[in-house]
Amino acid sequence: MRSILKTSSLLTGLLFLAPVFPAHGKDPSAPLHYPTPPPNDHSLFYIQRSKNTNSIVYDANVKSDGTLDAKEPIKIYWIRYAVDSTMEPLNYVQEKFAYGVKAKPYPGKPGQYIVTFNAYEKKLIYLVKKPDGKHYGAYTMINGRYSEMKRVFLQINGGTFWFPNVEYVDIVGDDMATQKSITERFKPVR
């Protein structure tokens, strides 16, 4: 009888722990139950929010000659996972006040840019060529380390449409010196 109770307790415990471990092939640092947007040759990073599983995707907007579009170096769009997994552009309000970016030329690096989010200008992102010389990456400081940015997660708890209460932001990337994953969590302050 004790053996049956121990086995039953062990199985019950494993059932409760199962959601802690990601499914095979998923990003192990991604929030649980959030799909990972499919990468492409121009993928930079994506944002996910606690509100739902939709993702805002940021791709390098590369012209046929391999250079960035000077007017719009980053292409931004939604993947509506919570609805039907379709892609949609940001609307005007989302672009201008939330998830859109401002890009200005990076001095001394023709065709490369310094980027900030419209909603949070304190985090500088450098849109520059990757070491392979063919693709672009989004680089920023994560925990004081120069890193390639891969993912951002916003934990939102209440607030209003115009002023959501962002409890914290997680920025995940790859440390350029060690090539290991690195994460920084902070509370954005305006």
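General remarks:
- Taking a Cβ cut-off of under 12 Å around Leu154, the surrounding Lys, Arg, Asp and Glu residues balance to a net charge of +3, with basic ones at +1 and acidic ones at -1.
- Footprinting exposure proxy for His135, His33 (fewest neighbouring C-beta atoms within 10 Å first): His33, His135
- Out-of-range pairs (alpha-carbon distance over 27 Å; input Lys51/Lys71; Lys102/Lys130; Lys63/Lys102; Lys104/Lys130; Lys63/Lys109): Lys51/Lys71
- The stretch 40-186: relative contact order in percent, alpha carbon pairs under 8 Å with at least 6 residues between: 18
- Cα gyration tensor shape of the stretch 59-190, rounded if a/c is under 1.5, else prolate or oblate by comparing a/b with b/c: oblate
- Fewest-first sequence of Arg151, Arg80, Arg190, Arg49 by Cβ atoms within 10 Å of each Cβ: Arg190, Arg80, Arg49, Arg151
- Across the stretch 175-190, coupling constants 3J(HN,Hα) worked out from phi with the 6.51/-1.76/1.60 Karplus curve, θ = phi - 60°, read 4, 5, 7, 9, 6, 9, 5, 9, 10, 10, 10, 8, 9, x, 10, 7 Hz, and Gly and Pro carry x.
- Contour minus Cα-Cα distance for Ala82 and Thr160 (0.36 nm per residue): 26.0 nm
- Neighbour-count order for Tyr136, Tyr34, Tyr92, fewest beta carbons within 10 angstrom listed first: Tyr92, Tyr34, Tyr136
- Whether the stretch 65-124 is rounded, prolate or oblate, judged on the alpha carbon gyration tensor where a/c under 1.5 counts as rounded: oblate
- Those aspartates and glutamates that a straight Cα-Cα span of less than 18 Å connects to Lys96, excepting residues fewer than 8 apart in one chain: Asp59, Glu72, Glu88, Glu121
- Förster-model FRET efficiency, 22 Å R0, Tyr92 and Ile114, C-beta, rounded to 0.05: 0.40
Values quoted throughout were computed directly from the atomic coordinates according to the rules given, and no laboratory measurement underlies them. Note that the coordinates shown come from a computational prediction; the quantities given were computed from them, not determined experimentally. Cβ coordinates were reconstructed from backbone atoms using ideal geometry, including for glycine residues, and neighbour counts include every protein chain displayed.
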